[in-house]
Protein chains: 2
Amino acid sequence: MAITVVGSVAYDSVETPAGKYDRRLAGAATYFALAASYFTDVRVIAVVGDDFGPEQEAVFKAHGIDTRGIERAAGKTFFWQGSYLDNLNEARTHRTDLNVFAGFEPKIPDAYRDSDFLFLANIDPVLQRRVREAMPDVRLVAGDTMNYWIKDHRAALLELLKGLDILLINDTETRMLAGTNNPVKAARAVLAMGPKTLVVKHGEYGATAFFAQDAANASQRSTIRAFRAPALPLDEVVDPTGAGDSFAGGFFGYLASSAAAGGIRPAAFRHAMFYGGVMGSFAVERFGTERLQGLSREEIDERFLLFRELTHLE
Amino acid sequence: MAITVVGSVAYDSVETPAGKYDRRLAGAATYFALAASYFTDVRVIAVVGDDFGPEQEAVFKAHGIDTRGIERAAGKTFFWQGSYLDNLNEARTHRTDLNVFAGFEPKIPDAYRDSDFLFLANIDPVLQRRVREAMPDVRLVAGDTMNYWIKDHRAALLELLKGLDILLINDTETRMLAGTNNPVKAARAVLAMGPKTLVVKHGEYGATAFFAQDAANASQRSTIRAFRAPALPLDEVVDPTGAGDSFAGGFFGYLASSAAAGGIRPAAFRHAMFYGGVMGSFAVERFGTERLQGLSREEIDERFLLFRELTHLE
């Protein structure tokens, strides 16, 4: 089933302990789309400037990604500069130029309207909600957000959360959104805001999915329903940029590829969590989107087996 | 198969966000022995003062733990006072009175000499090594240590590590011991110091076992052999004290209970990692050793199933 993703297509300049690069194609929608493209059809909604040319377009095309929703505006593409010199787990932002992104008004091509899955990457929750409402027929909607929206645009974010099936955020964002440090209490608080499922990304420790309980169970003080997928211990993290978006792409891409007419089987959901970790682990092995551009499905499934072996009991 | 454990039996005064308590029976050997006692016979080597009476003795006896190696010395029992008010993941030490522990000379009762497994809880590595050498016939030796010994008694610790089958330490200790932040590089460095297996405890994220490679594989730059067990997302952590020692007790206790004449099967090792997490999750649910004192094997196996469900793919 096809996924439409809305989010940023950007240029990044990044420095990590392993080296640096200047103005490479990046952005949440790019990482997500590349990761998901190994599993299913992906369609992108974004805006770029006149510095986005055939070479960048070709990166998407090579993966069969539909770019008709990437609008060309006069000006420059969104630019981000950051580093991970002190701490591989947290980016330091040195510069953010919104450029054409400042006036982004997502437009949905007619050809995208039969998409079954919708992913709202980290952008203004007002825009996320607008896209969500413009695509009322999608079967499953997942989204991401970040500290900035949680802190300063809470009302708009809470409106968005009511319409989400799955929210994917990290530990810090979960604590900030819920206002509590305990992971179970925080998950309950976030699920009460609307999402049916909360996927919390733990970086090098993997990710945990928490599921909303039906009303009958919710009244008991019982263990929350959860599923935890590992991350692979890696020899070297070359560039953490895009790890979370690649996780989301692998997760949602696999979910879309395995969804049956009747819905999503629990086993498929669990596999999707593992594939999220798999794509995140590839993303950080090289600079920018380099590794995600050159994968094969065989490599991906080989790594899935490594993940399985890493936690399989018997 | 029987386990002998050497380590501290102590009194703790602890404050956490959930409350506080004063001078309760604690210490690494106590947590370890209680947790392991649900799986196998446990024998303790420690020293206590004249403030250790029949009431404290009864806690061990109720679990069939052999206390003949707990020496009574003139003076007071080791005392520790700490708090977790800012951060549940890291204790703040307010006071440490070594008392009778300052002159601890471990003595091994003859009745302990047929023990198959030996656990060296966190004490001076010189003492750990002395006990290890006094019990040359044990089949499997595991040990713990802490930042203090890593930093200021490195030479003695390195001598100890050469004789260990399994080292159990946390993330911070692993990084400190290895001198690198990358978890795989750190594991390789620690395994090169002697232990055949390194178990790294991640607190709320579970634990990862890293296995030494045979020489043929070690020369390849390949993924390290590892196994990752989850921790259970908990509603409330009442008191983190002893979580690591309880993990070690559950892990080593299960390992001893399931070891066959031919050695340890990989599946048994994996289950042991899960049982470590199970006992750690119980320990933190109430103050001190309270929860570990009142468990049943049925409760333990029920929780094991929760852990299994939490990560089981199919």
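Taken together, the values in this text are just the output of simple stated rules run on the coordinates, not laboratory data. Just so it is clear, the structure is predicted and the values come from calculations on it, not from any experiment. Here the Cβ is made from the backbone with ideal geometry for all residues, glycine too, and neighbour counts use every protein chain on show.
If you average 1/r over every pair of different alpha-carbon atoms in the protein assembly as shown and take one over that average, what Kirkwood value in Å do you get?
26.0
From the label point of B:Leu305, set 7 Å from Cα along Cα→Cβ, how far away are the matching label points in the other copies, in nm, ordered shortest to longest?
Spelled out, the distances from B:Leu305's label point are 3.2 nm.
Do you know the relative contact order of the stretch B:232-314, to the nearest whole percent, from alpha carbon pairs under 8 angstrom that are 6+ apart?
37
Give me the percent of Cα-Cα pairs in the stretch A:1-154 that sit more than 26 Å apart, rounded to a whole number.
Within the stretch A:1-154, distances greater than 26 Å cover 26 percent of Cα pairs.
7 Å along Cα→Cβ for the label point: how many nanometres lie between A:Arg225 and each equivalent label in the other copies, listed shortest first?
3.8
Past 32 Å, Cα to Cα, is the threshold; run A:Lys107/A:Lys201; B:Lys61/B:Lys151; B:Lys107/B:Lys151; A:Lys185/B:Lys61; A:Lys107/A:Lys151; B:Lys162/B:Lys201 against it and keep the listed order.
B:Lys61/B:Lys151; A:Lys185/B:Lys61
What order, most packed first, do the peptides A:236-244, B:254-262, B:271-279 have when packing is the mean number of other Cβ atoms within 10 Å of each residue?
Top to bottom by mean Cβ count within 10 Å: B:271-279, A:236-244, B:254-262.
Please report the antiparallel percentage of the DSSP beta bridges confined to the stretch B:79-144, to the nearest 5.
The antiparallel fraction comes to roughly 55 percent.
Among A:Thr311, A:Gly82, A:Ala156, which residue has its Cα positioned farthest towards the positive end of the charge dipole of the stretch A:3-311, with +1 placed on the Cβ of Lys and Arg, -1 on the Cβ of Asp and Glu, and the dipole taken about the Cα centre?
Farthest towards the positive pole: A:Ala156.
Determine which aspartates and glutamates satisfy two conditions relative to A:Lys76: a Cα distance under 12 Å, and not lying fewer than 8 residues away in the same chain.
A:Asp50, A:Asp51, A:Asp97
Net charge near B:Lys76: determine it from the other residues with C-beta under 11 Å of the C-beta of B:Lys76, scoring Lys and Arg +1 and Asp and Glu -1.
Spelling it out: positives minus negatives among the neighbours equals -2.
Let me confirm one metric for peptide B:193-205, namely the mean number of other chain beta-carbon atoms within 10 Å of its residues' beta-carbons.
2
What fraction of the DSSP beta bridges in the stretch B:3-311 is antiparallel, stated in percent and rounded to the nearest 5?
Expressed as a percentage, antiparallel bridges in the stretch B:3-311 total about 40.
Summing +1 for each Lys or Arg and -1 for each Asp or Glu, what net charge is found among the other residues whose Cβ lies under 14 Å from the Cβ of B:Leu168?
-3
Using only the Cα atoms of chain A, what do you get for the radius of gyration and for Dmax, in Å?
18.3, 58
What are the label-to-label distances in nm, one decimal and shortest first, from A:Ala74 to the same spot in the other copies, with labels 7 Å along Cα to Cβ?
9.6
Counting only Cβ atoms, what residue of chain B lies nearest to the axis that sends chain B onto chain A, and how many whole Å off?
It is B:Tyr205, 2, counting Cβ atoms only.
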